[in-house]
């Protein structure tokens, strides 16, 4: 984060869409920073059970030291995502998206007067259009070409962008190749 000019201590809310490893396993290094360098308050918003899942991840990451030494220093509030709520001063709505058998949460978050839609992993179904409708910016996955199990293909991402021409799209979660509108590694945007 520092290499990208992002202060990890200035992040006051993290919205988790689901608990798959490619969406959660980057949290332990961030949490280390928040424990030992910058202990400002942090809110973790996620699907039902966010506290239990994240505490289990951190305990696996550091063993008994998590509860004995680290957890008491971690200034975190866990929040199960509501249909509509507020976290760390940001108002949000959550939209249940289709992703395999477990599903995923998408979020519509108000930041500085702008509406940001974030999908995480999702299939190109009706709830995704509901998530993106009227958003200024949509951060949406576009995993790869063709039929991609429980994810969105490049073709479906392109169709989504055409259905919402006033929304600026940033596509992520690409596993191979690229699609127009894809973000690059370590790319930072001011919203």
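Read-outs: derived from the displayed coordinates by stated rules, not from any lab. Note that the structure is a prediction, hence the values are computed from the model and not measured. Cβ: placed from backbone, ideal geometry, glycine included. Neighbour counts: every protein chain shown.
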Exercise. Based on DSSP H runs of at least 4 residues, each adding -39500 (n - 2.57), what is the mean residue ellipticity at 222 nm of the chain after dividing by all its residues, to the nearest 500 deg cm²/dmol?
Worked result: -6500 deg cm²/dmol
Exercise. Relative to the first principal axis of the alpha-carbon coordinates of the chain, what is the inclination of helix 27-36, with its axis defined by its Cα atoms, in degrees from 0 to 90 and to the nearest 10?
Worked result: 40
Seminar exercise, completed: For the range 66-156, the Debye formula with one identical point scatterer on each Cα and no solvent gives log10 I(q)/I(0) at q = 0.17, 0.26 Å⁻¹ as -0.77, -1.25
Exercise. Hey, rough spin-label estimate for residue 178 and residue 82, points 7 angstrom out along Cα→Cβ, what's it come to in nanometres?
Worked result: 4.2
Exercise. To the nearest 10 degrees, how steeply does helix 50-62 sit against the main Cα axis of the chain, on a 0 to 90 scale?
Worked result: 60
Seminar exercise, completed: The extension gain from residue 55 to residue 36, computed as 0.36 nm times the residue separation minus the Cα-Cα distance, is 5.1 nm
Exercise. On full extension of the chain, what length is gained from residue 71 through residue 168, given 0.36 nm per residue of separation minus the C-alpha to C-alpha distance?
Worked result: 31.0 nm
Exercise. Could you give the Stokes-Einstein D for the chain in µm² per second, using the C-alpha Kirkwood radius, 37 °C, 0.692 mPa s?
Worked result: 188
Exercise. Antiparallel as a % of all DSSP beta bridges within the chain, to the nearest 5?
Worked result: 45
Exercise. How big is the Kirkwood radius of the range 93-142, worked out from every pair of different alpha carbons and given in Å to one decimal?
Worked result: 10.7
Problem set entry | Among 115-127, 83-95, the order from most to least packed when residues are scored by Cβ within 10 Å on average | 115-127, 83-95
Problem set entry | Whether the range 1-81 is rounded, prolate or oblate, judged on the alpha carbon gyration tensor where a/c under 1.5 counts as rounded | rounded
